[in-house]
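Worksheet: the structure to be examined is printed underneath.
The values are calculated or read from the model by the stated rules, or taken from the named source; none is laboratory data. Fair warning: this is a prediction, and the values are worked out from it, not measured in the lab. Note that each Cβ is placed from the backbone with ideal geometry, even for glycine, and that neighbours are counted across all protein chains shown.
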Amino acid sequence: MKKSFLSRITILLGILIASFSYTGLNAQESGNFITNEEKQGDLIVSKVIYRLDGSLYRHMKYDFTYDEQKRMTSKEAFKWDSRREKWSPYFKIDYTYSDGQITLTYARWNEAHKAYDAQVEKSVYELNENNIPVACVNYQWKNDKPKQAIAFPQQQSCETLLSLKIN
């Protein structure tokens with residue numbers, strides 16, 4: 001009787017410990033994805049997104065770097081290549097901070113060159129005294145020349161674009 005009780009307690013403790021070790025796994029809002037975050041201190045340095053379709057399948061991976069002020073300086077995305085069974089670079093966003101501005105530069109991976117293309121898109125966000133975006137301009141390049149410049153003078157549009165770039 002004691003042995004049975006102790007084995008049940010041991011199994012229960014094992015399940016409890018296992019559930020605590022998976023606290024980094026979160027279900028996405030769509031319900032078909034699960035994320036696993038790797039942290040260093042309070043900063044997320046890597047995030048892997050798994051597609052849930054009966055089993056877990058690798059889908060996307062993001063690596064993040066930060067400056068000494070704990071501001072994100074780059075976000076690099078990778079797609080899972082199931083044929084080669086490795087992560088393949090997809091895109092990279094570099095963040096540059098200056099007085100009253102945040103500049104995001106987006107580049108796509110060029111498989112032929114085995115490098116990120118020169119900037120493909122650039123967004124410049126003007127910040128107010130509370131560091132809230134109040135205006136932004138988005139540039140897209142084609143053949144090394146700006147193709148389009150779009151200005152977003154309303155705060156809501158800037159915040160929407162900023163959240164899309166960061167997430």
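The figures follow:
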{"item": "Pairs, first within 23 Å of ASN138 (Cβ to Cβ) in segment 78-97, second among the small types (Gly, Ala, Ser), C-beta under 7 Å, six or more apart", "result": "TYR90/ALA77; PHE91/ALA77; PHE91/ALA107; LYS92/SER74; LYS92/ALA107; ILE93/SER74; ASP94/SER74; TYR95/SER74"}
{"item": "Test: residue in segment 12-22 that is at pLDDT below 95 and at positive phi", "result": "no"}
{"item": "Residue, nearest to TRP87 (Cα to Cα), within segment 98-124, restricted to residues that are touching a residue at least 24 places away in the same chain (Cβ under 8 Å) and assigned to a strand (DSSP E or B)", "result": "TYR116"}
{"item": "Residues within segment 57-84 that are farther than 21 Å from SER98 by Cα and surrounded by 14 or more Cβ atoms within 10 Å (Cβ to Cβ), tallied", "result": "11"}
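Okay, residues lined up against (1) touching a Phe, Trp or Tyr at 6+ places or on another chain (Cβ under 8 Å); (2) modelled with pLDDT under 90:
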{"residue": "MET60", "(1), (2)": "yes, no"}
{"residue": "ARG71", "(1), (2)": "yes, no"}
{"residue": "GLY100", "(1), (2)": "no, no"}
{"residue": "ALA107", "(1), (2)": "yes, no"}
{"residue": "GLU111", "(1), (2)": "no, no"}
{"residue": "ALA118", "(1), (2)": "yes, yes"}
{"residue": "LYS145", "(1), (2)": "no, yes"}
{"residue": "ALA149", "(1), (2)": "yes, yes"}
{"residue": "GLU159", "(1), (2)": "no, yes"}
